[in-house]
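Take a look at the structure set out below.
The values are calculated or read from the model by the stated rules, or taken from the named source; none is laboratory data. Model, not experiment: these values are computed from the prediction. Note that we place each Cβ from the backbone using ideal geometry, even for glycine, and neighbour counts take in every protein chain shown. Surface accessibility is based on the protein's heavy atoms, side chains included, excluding ligands, DNA and RNA. Shrake-Rupley method; radii C 1.70, N 1.55, O 1.52, S 1.80 Å.
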Amino acid sequence: MIKKLILILNFGSSSLKFSIINSNNNYKIITGLCEYFKKNNYIIKWKINNSIYKIKKKKEEILKFIFIEIILKNKIISDKLYSIGHRIVHGGELFSNSVIINNKIINSIKKFISFAPLHNIEHLIGIYNSFKFFPDLFKKNVAVFDTAFHQSIPKKSFLYALPYNLYKKYKIRRYGAHGISHKFVTFETSKFLNIKIKNLNIITCHLGNGCSIAAIKNGKCIDTSMGLTPLEGLIMGTRCGDIDPSIIFYLYNYLGIKIKKINEILNKESGLLGLSEISNDCRNIEKNYKNNSQFKLAIDVFCYKLSKYIGSYSILMYDHLDAIVFTGGIGENSVLIRKLTINSLNFLGFKIDNKLNEKINYIKYGIITKSKSRISLVIPSNEEIIIAKDTNNLIN
Ligand code: AMP
């Protein structure tokens, strides 16, 4: 029997996405999602061909259920499974490409836990459980790094103005994240606009519970908003993005807040949640934008910051900017955030087409700006396709 199926595990900061992909044609036989917004009330939703299922589970039961009940007991699928691809958020400077997982790779992923506290631990849990539940695939697990696509960023962009020794000795620098998604939308935009990758200049906005923006010049990433960790840059679901580092000293020295708690505030209690004081779920905030001043504030600050980043990245393009691309749960679905952001970029020649912007939520893919405007697009992120491609290439 020809084994052609790949299991993909994609742990985000607010969700676990999983899928089984046929490596011959990239068809997703199973897609599944478990969102972590409500504590102790996790719902796993999955689709097999056209049937949809869901079940409530405790956090510690999620992976076991997915592996045993959804995959292993389905013999038609499990018999054809030949490898597992893992999205890994942080690989430091060590990885510009994907790799087959072994002990050395696991140690590297461990080493970077402190650089991606919300993610690398979850990735390791995913890897250990894959070894346990799929022992036959022990040497067929592949790590695909989010940081890899950003390794083309030049030194002038990735260095912090700190004592240089901190970079030389401890590798403290900007790394970026969401690279798999930025890479995917770069390839898709090249196809959509019919511009060769090597000539493509775009700004890609990955807006989900984690948010980042990347400047892609001649098909290569030259700058991105996330830093040493996925905390820097844009406002996110629960992360603060850029702040004055002195705020940390103020919280510690004058308000007596412990370092552990400060870390929690910046990573888990800030962003849309912190500003709205209620929710990091953009659907909820957007629905109440007009009748709740706190929700309005959260979205206005989010869009203001995003437009400032787009403005500064457009300067990096020198001669031309082909498009601004939106992706991720918010980028693909929030009519309001796209509209407010593009409206503040009129100066750069972007004009939103309100009808296209609304319609895109149904057709999911295409242009949202007027015909005489510079182009802005929505492209649904599909990190799984990149992970499956790299996994297939390495295992075969
Ligand atoms: P992601 O991390 O890419 O899965 O994206 C999660 C974010 O996308 C959450 O903030 C969701 O509230 C947001 N999102 C998903 N669907 C919608 C929608 N229809 N409208 C606005 N935001 C959405």
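Highest GNM mean-square fluctuation among 363, 70, 385, for the chain modelled with Cα contacts below 10 Å: 363. Taking a straight line from the alpha carbon of residue 198, these aspartates and glutamates sit under 19 Å away, with near neighbours fewer than eight places off in the same chain left out: 188, 223, 319, 322.
Total lysine pairs in region 1-55 at Cα distances under 21 Å, for residues eight or more apart or on different chains: 16.
Taking each residue as 0.36 nm, the span from residue 111 to residue 64 lengthens on full extension beyond its C-alpha to C-alpha distance by 14.3 nm. The charge dipole of region 266-396, taken about its Cα centre with unit charges on the Cβ of Lys, Arg, Asp and Glu (plus for the first two, minus for the last two), comes to roughly 580 debye. For region 143-191, a Kirkwood hydrodynamic radius built from all Cα pairs, placed in the Stokes-Einstein relation at 37 °C and 0.692 mPa s, yields a translational diffusion coefficient of 270 µm²/s.
So what's the gap between the Cα centers of region 182-250 and region 346-396, to the nearest angstrom? One Cα centre to the other: 14 Å.
Quote the charge dipole size of region 176-292 about the Cα centre in Debye, to the nearest 20; the model charges only the Cβ of Lys and Arg (+1) and of Asp and Glu (-1).
In total the dipole reaches around 440 debye.
Taking the 1.4 Å solvent-accessible surface of the chain as the whole, the part contributed by carbon and sulfur is 55%.
Each of 182, 95, 369 was placed along the dipole of the chain (beta-carbon charges, centred on the mean Cα), and the one lying farthest toward the positive end is 95. Rounded to the nearest 0.05, what FRET efficiency is calculated for residue 335 and residue 194 with R0 set to 30 Å and r the Cβ-Cβ distance? Result of the calculation: an efficiency of 0.65. Seen from residue 384, the other residues with C-beta closer than 10 Å to its C-beta sum to a net charge of +3, counting Lys and Arg as +1 and Asp and Glu as -1. Between residue 287 and residue 168, the simple spin-label model (points 7 angstrom out along Cα→Cβ) gives 5.6 nm.
Where does the Debye-calculated log10 I(q)/I(0) of region 97-151 sit at q = 0.20, 0.24, 0.27 Å⁻¹, using only Cα point scatterers of equal weight, no solvent? So the normalised log intensities work out to -0.74, -1.02, -1.21. Normalising the Debye intensity of region 38-78 to I(0), with uniform scatterers on Cα atoms only, and taking log10 at q = 0.18, 0.24, 0.25 Å⁻¹ returns -0.53, -0.84, -0.89. Under Stokes-Einstein, with the Kirkwood radius over Cα pairs as Rh, the value for region 290-344 at 20 °C and 1.002 mPa s is 173 µm²/s. The alpha-carbon of residue 57 sits under 15 angstrom from the alpha-carbons of these aspartates and glutamates, leaving out residues fewer than 8 places away in its chain: 35, 69. Summing charges over all other residues whose Cβ lies under 15 Å from the Cβ of residue 233, with Lys and Arg as +1 and Asp and Glu as -1, gives 0. What residue among 279, 373, 181 shows peak mean-square fluctuation when the chain is described by a Gaussian network model with Cα springs under 10 Å? Of 279, 373, 181, the Gaussian network model singles out 373 as fluctuating most.
With contacts defined as alpha carbon pairs under 8 Å and 6 or more residues apart, what's the relative contact order of region 280-378 in percent?
Once divided by the residue count of region 280-378, the mean separation gives 24 percent.
The packing ranking of peptides 286-293, 126-133, highest mean first, is 126-133, 286-293, where packing means the average number of other beta carbon atoms within 10 angstrom of each residue.
Solvent-accessible surface of the chain, taken per residue with a 1.4 Å probe and all protein chains present: 48 Å². Of 334, 317, 394, whose Cα points farthest to the positive end of the dipole of region 303-396 (charges on the beta-carbon: +1 Lys, Arg; -1 Asp, Glu; origin at the Cα centre)? Positive-end residue among those listed: 334.
Shape verdict for the chain, please, from the Cα gyration tensor: rounded (a/c under 1.5), prolate (a/b greater than b/c) or oblate. Rounded, because the longest to shortest axis ratio a/c is under 1.5. Provide, for region 120-194, the number of lysine pairs with alpha carbons under 30 Å apart, each pair being eight or more places apart or on different chains. Lysine pairs satisfying the spacing and distance rule in region 120-194 number 18. For region 18-79, the list of chymotrypsin sites (Phe, Trp or Tyr not before Pro) that fall in a loop by DSSP and count at most 12 other C-beta atoms within 10 angstrom reads 27. Counting only DSSP beta bridges with both residues in the chain, the antiparallel share comes to about 70 percent. The overall shape of region 55-132 is oblate: from the C-alpha gyration tensor, with semi-axes ordered a ≥ b ≥ c, the ratio a/c is 1.5 or greater and a/b is no larger than b/c.
Hey, what does the equivalent ellipsoid look like for region 265-396, semi-axes from the Cα gyration tensor as sqrt of 5 times each eigenvalue, largest first, whole Å?
Here the semi-axes work out to 26, 22, 16 Å.
Counting charges near residue 132 (Lys, Arg +1; Asp, Glu -1) among other residues having Cβ under 15 Å from its Cβ returns a value of 0.
Between 48, 213, 101, the residue with the greatest mean-square fluctuation in the GNM of the chain (Cα pairs under 10 Å linked by springs) is 48. Given +1 at the Cβ of Lys and Arg, -1 at the Cβ of Asp and Glu and no other charges, the dipole of the chain around its Cα centre is 540 debye to the nearest 20.
Tell me, in nm to one decimal, what length is gained between residue 53 and residue 260 on full extension, where the rule is 0.36 nm per residue of separation less the Cα-Cα distance?
Values: separation 207, 0.36 × 207 = 74.52 nm, distance 3.86 nm.
Contour length minus the Cα-Cα distance gives 70.7 nm.
The P(r) of region 184-241 has a tail past 14 Å containing 54 percent of all C-alpha pairs. With the convex hull of its Cα atoms as the shape, region 1-83 has an orientation-averaged projected area of 5.4 nm². The count of lysine pairs in region 305-395 that are at least 8 places apart or cross chains, and whose C-alpha atoms lie under 12 Å apart, stands at 5.
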